[in-house]
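Working notes, structure below.
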Amino acid sequence: MSGPGALTARLDAALRAPGAALLLDLDGTLVDSEPTHRAAFQTYFARRGWDVTDQMLHAFAGRRGAEVFASVEGPWTGEDPMTLAHEVIACLDVGRYPAAPVPGAAESVAGWRGAGVPVAVVTSATEAWATAALELLGVADLGVALVTAELVEVGKPDPAPYRLGAEVLGVDAAACVAAEDTPAGLAAARGAGVGLVLGVSTSHDDETLRRAGAHAVVPDLTELVPR
């Protein structure tokens, strides 16, 4: 079988299997927050008088800011990565650059939680941002577990966040479905042994996501909504 209908059936079957769970990235997967975060980085870099190219900015996609500051050479080299990350976060302006729900995101979370499937958000973001995003989606009270930047020593593309996500839910990673929009996130999910990894092309093209390990690629989460 092939085509959108076949993928929907595959996802539905995987999540209705015994022991299944859903592991979801946040930024770019559940909420379109790329303009929000890009504006924060640009505001901070401009404030520092740093000329940062789009390619350098792209290095932060799907990863913890402090780890990028520590590993990627730039005008920030030599400064404390954690301090830099906190200063960027302080520049977030959700009023001026609001995040928007990705189509199908709220329905997927609510639908699978309603079906009794455990769901965890596995994100490089902070707990505060993850909680705010779930409130935006209207699913903050549905028992969604959070695996955030504060809970792991090493972030994506390391498998640690997804391993912890499966552990928190009490399931085998191989029985999980994950959704991710960045190569770093896909590498983390595949490295953790997640059985079915869905690429969401909100931030990268299909080919890039498939090369990074996505088993299938979709434009949003509509096909993940339970039928």
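Can you pull out the residues in region 137-176 that are part of a helix (DSSP H, G or I) and more than 22 Å from F69 (Cβ to Cβ)?
Within region 137-176, L137, Y162, R163, L164, G165, A166, E167, V168, L169, A173, A174, A175 qualify.
For region 29-39, check the following and say yes or no: at least one residue is open to solvent by 10 Å² or more (accessible area, probe 1.4 Å) and either farther than 22 Å from D93 by Cβ or outside any helix (DSSP H, G or I) (or both).
yes
Anything in region 176-203 that is farther than 16 Å from L7 by Cβ and open to solvent by less than 30 Å² (accessible area, probe 1.4 Å)? List them, or say none.
Correct list: C176, D181, T182, A184, G185, L186, A188, A189, A192, V194.
Working only within region 82-95, note down all residues that are at pLDDT 90 or above, open to solvent by less than 70 Å² (accessible area, probe 1.4 Å) and farther than 15 Å from L57 by Cβ.
T83
I want to confirm something. Restricting to region 1-28 and keeping residues that are open to solvent by less than 10 Å² (accessible area, probe 1.4 Å) and not in a loop (DSSP other than H, G, I, E, B), which single residue is nearest to R63 (Cα to Cα)?
Taking the candidates together, the pick is L24.
Hey, does region 118-132 have a residue that's under 15 Å from the mean Cα position of the chain (by Cα), aromatic (F, W, Y) and either under 25 Å from R16 (Cβ atoms) or outside any strand (DSSP E or B) (or both)?
The answer is yes; a qualifying residue exists.
Search region 112-137 for residues that are over 20 Å from A61 (Cβ atoms) and touching a residue at least 40 places away in the same chain (Cβ under 8 Å) and pair each with any residue that is open to solvent by 40 Å² or more (accessible area, probe 1.4 Å) and charged (D, E, K, R) when their beta-carbon atoms are under 6 Å apart and the residues are at least 6 apart or on different chains.
So the pair list comes out as V119/R113.
Listed here are the residues, each with its yes/no results for (1) part of a helix (DSSP H, G or I); (2) among the β-branched types (V, I, T); (3) under 11 Å from the mean Cα position of the chain (by Cα); (4) within 16 Å of P159 (Cβ to Cβ).
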residue: A188; (1), (2), (3), (4): yes, no, yes, yes
residue: V194; (1), (2), (3), (4): no, yes, no, yes
residue: G213; (1), (2), (3), (4): no, no, no, yes
residue: V217; (1), (2), (3), (4): no, yes, no, no
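Give the number of residues within region 210-224 that are under 25 Å from A110 (Cβ atoms) and either surrounded by fewer than 19 Cβ atoms within 10 Å (Cβ to Cβ) or in contact with a strand residue (DSSP E or B) (Cβ under 8 Å, 6 or more places away or on another chain) (or both).
Selection size over region 210-224: 10.
The values are calculated or read from the model by the stated rules, or taken from the named source; none is laboratory data. Everything numeric here is computed off the predicted structure, so don't read it as measured data. Cβ atoms come from the backbone with ideal geometry, glycine included; neighbour counts cover every protein chain shown. When the accessible area is computed, the model is the full protein with side chains, heavy atoms only, and any ligands, DNA or RNA have been set aside. Shrake-Rupley method; radii C 1.70, N 1.55, O 1.52, S 1.80 Å.
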